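The structure under discussion appears below in the form of structure tokens.
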């Protein structure tokens with residue numbers, strides 16, 4: 001059995017794509033996955049199942065949530081080992097300690113082309129800092145996320161791929177929930 005963490009994009013945000021976590025757990029358990037747990041109401045899911053590619057799991061879960069719950073959203077699935085790598089590779093250790101709510105990780109559908117990270121940094125109009133590797137971008141919002149012009153739309157446009165973000169507190173809580181393996 002392998003352990004996975006799945007992040008749903010844009011559920012329960014400002015009344016759109018409303019999803020009860022109980023319904024999410026029920027659907028995922030009904031697909032044969034085990035140890036299914038959710039965190040918060042924003043679509044954070046931890047589960048165990050047979051080894052499969054994360055892309056295959058994303059497609060399957062997106063399709064089943066659409067069919068069973070009439071929910072159209074994207075999922076970003078990582079293995080627990082990949083998640084541990086996200087935590088270990090954090091380049092903003094001081095910010096993680098001092099202000100974890102303003103440090104986020106953007107989980108990307110695909111790794112952006114080589115120059116995209118530079119283009120994203122050039123698009124920043126405030127004090128935000130960004131660095132990335134592969135399918136993850138670490139972003140510090142020293143003046144707060146809500147006031148920043150570095151929005152999800154800007155990030156996706158500059159990197160050329162879909163994304164969903166979680167703050168550092170949530171990242172660490174999901175790491176604690178995910179069984180190793």
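Laboratory data are not the source of any read-out in this text; all were calculated from the coordinates shown. No experiment lies behind these values; they were computed from the predicted model shown. Here the Cβ is made from the backbone with ideal geometry for all residues, glycine too, and neighbour counts use every protein chain on show.
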Item to complete: Would you kindly give the portion of the calculated P(r) for the stretch 2-82 that falls above 17 Å, as a percent of all Cα pairs?
Response: 37
Item to complete: Along Cα→Cβ, 7 Å out, is where each label goes; now give me the distance between the ones at residue 20 and residue 63 in nm to one decimal.
Response: 2.7
Item to complete: For residue 55 paired with residue 114, estimate the spin-label separation in nm (one decimal), with each label point 7 Å from Cα along the Cα-to-Cβ line.
Response: 2.1
Practice prompt. Quickly estimate the mean residue ellipticity at 222 nm for the chain, helices only: each DSSP H run with n ≥ 4 gives -39500 (n - 2.57), and the total goes over all residues, rounded to 500.
Written response: -10500 deg cm²/dmol
